[in-house]
Amino acid sequence: VTLAARALALASCAAFTAVAVAACGSRSELEIGPALPPCSVVSDCPGFGDRCQTLACKANGDANAGPPTLDAPGECVVLSKVDCDDHDPCTNDVCDPSTGACAHPHVTPDADGDGSYAPLPGHVAGDPGSCGTDCDDANASVHPGAIEVCDGVDNDCNGVVDDGALFVQSDPAVVRISGDIAPASPGGLAFGGGNYAAVYWGSTGGDFQIFSQLLTPSGASVPPGETPLVLNANGASGGPVVWAGDRFGVAWSDPRSGSYDIFFAGLQPNGAKIAPGDVQLSAASGYSVNPSLAWTGTEFVVAWQDDRSGAFAVLAQRLDGAGTPIGGNVALTGASTGSGFADESPEIASGLSTLGFAWSHEPTGAPPIVSFQAIPRDLTAATAPVVALTDGTTHAVYPTITWSTDRYVVAWYDETAQPAAIYAAAVDEQGHILAPARAISSPGNAHSRFPSMLPLGDRVLFVYADDRVGDGYELYTRTVTTDLDPLTDEVRLTHASGDSLSPVAAFGPNGDVGILFLDQRNGEHDLYFTRLTCAASGSP
Amino acid sequence: VGDTVDQVVEAVRMRRLHVLDVSTEVAEIPLATQHQIDTNRRAACELPRGDGRERRIVAATRASCPRPRPPFPARLGGLPWGMRTRRTDDRRPGRKDARLAAAIGLSLVALAAALASAGGCAPSIDSTTSAGTGGGPPSKFATSTGAAAEPDASADAFEDYHDPGCPDAGPPLTDFQCDAYASDSSACGPGFGCYIAVDYPMTPCGQETYVTFCARAGHGRQGASCVSAQDCAGGFVCVVTGSGNQCVRLCPLTGADGCTDGLVCDPIDVQGFGGCL
């Protein structure tokens, strides 16, 4: 055997080792591997010195033969290997070549050092096969066994935020946040970077503009205060806003291009708009309006109603974390001229592996039907069915949606049902109804309207308006289970004369819930802020 | 007279449709001629006619009378998704559009140039997209500055963006010719009602005009389905509610609004006016 041939053989083995370690050096006739390396002594064998295996240089590569001779050239033989398999699928089993000792590092990290591992990507912490129980591996105070405290966080990873906590109104009760822009209307509220971002629109000198403003956790304005989101975009409205971990995302509609189109922008934690500025998502004649916005953890998704096909349909657009559109507009519903129906008022939420969207499906000449469908996050064709949550005999309108642990909860209000209450239903990602529609509020002969929801794992917090007291609408809150059973009474939040309407609730710091709402206590449509605080908690 | 007016106005309309692309087109419409057209159109729109003419009037109204009467935008307070305007005759110029265009006349060319040079809103109209051509997905995504928002790995996600916005076009003009709150014939005479509308600008970042006008009254009352304003009775306005286009009663945003059955007076696109929703 020439040196060149030996070198070639060794190289072949080394290359093959990368894909089939067990085969290299094996003598099994059933295994197909590279030529065994020739040797004169064991130190010629690749891997010599590796204490995870025992090598030998044997005549003809026969493990039972003696050392090589002139008639029987030597070949490397693996006599034994250290078996490190611990039969745990959540560990990587490795042998240290320098010591021959086994190690079993976990397949997922414990980045925050709290002793609990993160789940595998795409798995929920604690689920079988997830290999991790830490529901937030970036927060050392969050792990199984941690003490659940009232902070708006699921500290003990049991899937429940602030177990058993009640939310009570803090003091001061309400703070006016809008300036001289009446009439004003809420658009969205989200907390991130230490402040709330409130987005709303209102009229200044006859033009309707859209504004943003940062608020401290107590509702105080953060400089520079009320700021136009778009300068002189007369007719702008909307403003759903979400926090994406390092920035806010906001969507709205404005007619700067000559027709109403949907726009998106990112805002820094200090409220400044992030380059490249406003990204136009729709460009069609007619009306692209009523945007809804969700953050999936990696992408933004905007859905809106759009009549480019003649009748209002629901369209959507994906954007990456930097706000760059992914693909084009996607039609989520099929309404068009002559279809005999329209689809309006979409609301979307991000679930475990899908996006859920609820909307108002309107057969021509018939009452609207609150509808729901779970769709893939990439907006490809849905496999789950469309679920009708109302029967079309009453005027159920304006659905909103949230995801809580294992289900979507869809809420709406019904203008003609008895009672004219807030209603809700729960549906899983496959479209199975887990809790059929039922009334959440009890307005008697009065009316409840404008529900906003926050998920608490095993509970859902509702905030809504109700005119049962006879002095206009006031805000109320109630907590229900995810099966929609009441856990608390309805608690009145506002007490001033004039209507208090259209609350938008968002989680804040330390268990707070911030609420942006419209209020007419001063005779005009102004925007106010109030908050609920986490009042009690206890580990189960 | 109606036919002539329609023909003339249609001719104007066709010219007007090109304004977005060639602003000089507007400047070519003599102010005096435009005013005459307005006058004729007003007469054609307001004259009561027999059945045979009414259908034509409807057609004329949609094309040339003081704004198509589309469902009107409602701004239902606080709903995260809002409620926005529907213009069934989108981009079709109304009388006000043409008159406004004529009124600002030659200055439009300069204005357009100013917009472009200022880096303002005008460049945000991406001529490669489908705006004004009947819809369809955008062929690319325009930003405020007109640049395509292509992925840019080198871009700093937190680079500040200084929004040029739109130049201030000034507050909307108003042309209120009757009492839009009137639900009877007192405002416009028997068989007619007073309607409220917005004449939207035909140019990016343009100036709106709020108008009220008399037109043959429809019958739709609170909650009735509608396609255009004149499907509704006087005192009502057709709005995109987000739950079907409906006639809703006009209401004042301050003081007693007169809304019943749990409805609230929500702002619509005309400052000071609301709709019971």
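Throughout, read-outs are computed from the coordinates displayed, never taken from laboratory work. Note that the structure is predicted; figures quoted are calculated from it, not measured. Please note: Cβ atoms are built from the backbone with ideal geometry, for glycine as well, and neighbour counts cover all protein chains shown.
Rounded if a/c is under 1.5, else prolate if a/b beats b/c, else oblate: with a ≥ b ≥ c from the C-alpha gyration tensor eigenvalues square-rooted, which is the range A:407-540? Show your work: numbers first, answer last.
Numbers: a/c = 1.97, a/b = 1.26, b/c = 1.56.
Oblate, since a/c reaches 1.5 and b/c is not below a/b.
Taking the Cα centroid of the range A:243-264 and of the range A:57-89, what is the distance between the two, rounded to the nearest whole Å? After rounding, the separation between the Cα centres reads 68 Å. With a Förster radius of 41 Å applied to the C-beta separation of A:Cys102 and A:Thr481, the computed FRET efficiency comes to 0.30. Simple point charges give the picture: +1 on the Cβ of Lys and Arg, -1 on the Cβ of Asp and Glu, and for chain A a dipole about the Cα centre of about 980 debye.
Given C-alpha coordinates of the range B:154-277, what is the ratio Rg to Rh with the Kirkwood estimate of Rh?
Values: Rg = 17.9 Å, Rh = 15.9 Å.
With Rh from the inverse mean 1/r over Cα pairs, Rg/Rh is 1.12.
Think of chain A as having a plus end and a minus end, set by charges on the Cβ of Lys, Arg, Asp and Glu; of A:Pro37, A:Gly122, A:Thr333, A:Thr333 sits farthest toward the positive end of this dipole.
Here the alpha carbons of the range A:99-180 define both size measures, Rg and Dmax, at 18.8, 76 Å.
Peptide A:234-241 has a mean of 6 when you count, residue by residue, the C-beta atoms of other protein chains within 10 Å of its C-beta.
Of the Cα atoms belonging to the range A:211-256, the radius of gyration and Dmax stand at 11.9, 35 Å. Amide H contacts of A:Ile440 (H built 1.01 Å from N, in plane; Pro and chain starts excluded): A:Ile422, A:Tyr423, A:Ala424 sit under 5 Å, all sequence-distant by 5 or more or on other chains. Where does helix A:3-17 land angle-wise versus the long Cα axis of chain A, in degrees 0 to 90, nearest 10? Roughly 30 degrees, rounded to the nearest 10.
Which net charge results when you count Lys and Arg as +1 and Asp and Glu as -1 among the other residues whose beta-carbon is under 9 Å from that of A:Leu434? That works out to -2.
By the scheme Lys and Arg +1, Asp and Glu -1, what is the net charge of all other residues having a beta-carbon under 14 Å from that of A:Thr216?
Working: positive: A:Arg531; negative: A:Asp512.
So the environment of A:Thr216 carries a net charge of 0.
Considering the range B:226-277, its Cα convex hull presents a mean projected area of 3.6 nm².
Quantify how strongly other chains surround peptide B:166-179 by giving the mean number of their Cβ atoms within 10 Å of each of its Cβ atoms.
3
Along chain A, counting only trypsin sites (Lys or Arg not before Pro) with a DSSP assignment other than H, G, I, E or B and at most 16 other Cβ atoms inside a 10 Å radius, the longest segment between sites is A:52-540. Based on alpha carbons, the Rg and Dmax found for the range A:296-452 are 15.5, 49 Å. For chain A, the 222 nm mean residue ellipticity estimated from helices alone, with every DSSP H stretch of n ≥ 4 adding -39500 (n - 2.57) and the total spread over all residues, rounds to -1000 deg cm²/dmol. How high is the FRET efficiency from B:Ser185 to A:Ser339, r the C-beta distance, R0 30 Å, rounded to 0.05? Taking R0 as 30 Å, the efficiency between B:Ser185 and A:Ser339 is 0.20.
Once you wrap a convex hull around the alpha carbon atoms of the range A:350-433, what is its projected area averaged over all directions, in nm²?
It is 5.4 nm².
As an exercise, find the ratio Rg/Rh for chain A from alpha-carbon atoms, using the Kirkwood inverse-distance average for Rh. Can you show the working numbers first?
On the way: Rg = 31.0 Å, Rh = 26.7 Å.
With Rg and the Kirkwood Rh in hand, the quotient comes to 1.16.
The range A:432-487 and the range B:188-246 have Cα centres spaced 34 Å apart.
Ranking A:Leu293, A:Leu434 by Cβ neighbours within 10 Å, fewest first, what do you get? The partial results should precede the final answer.
Working: A:Leu293 27, A:Leu434 15.
Going from least to most buried by this count: A:Leu434, A:Leu293.
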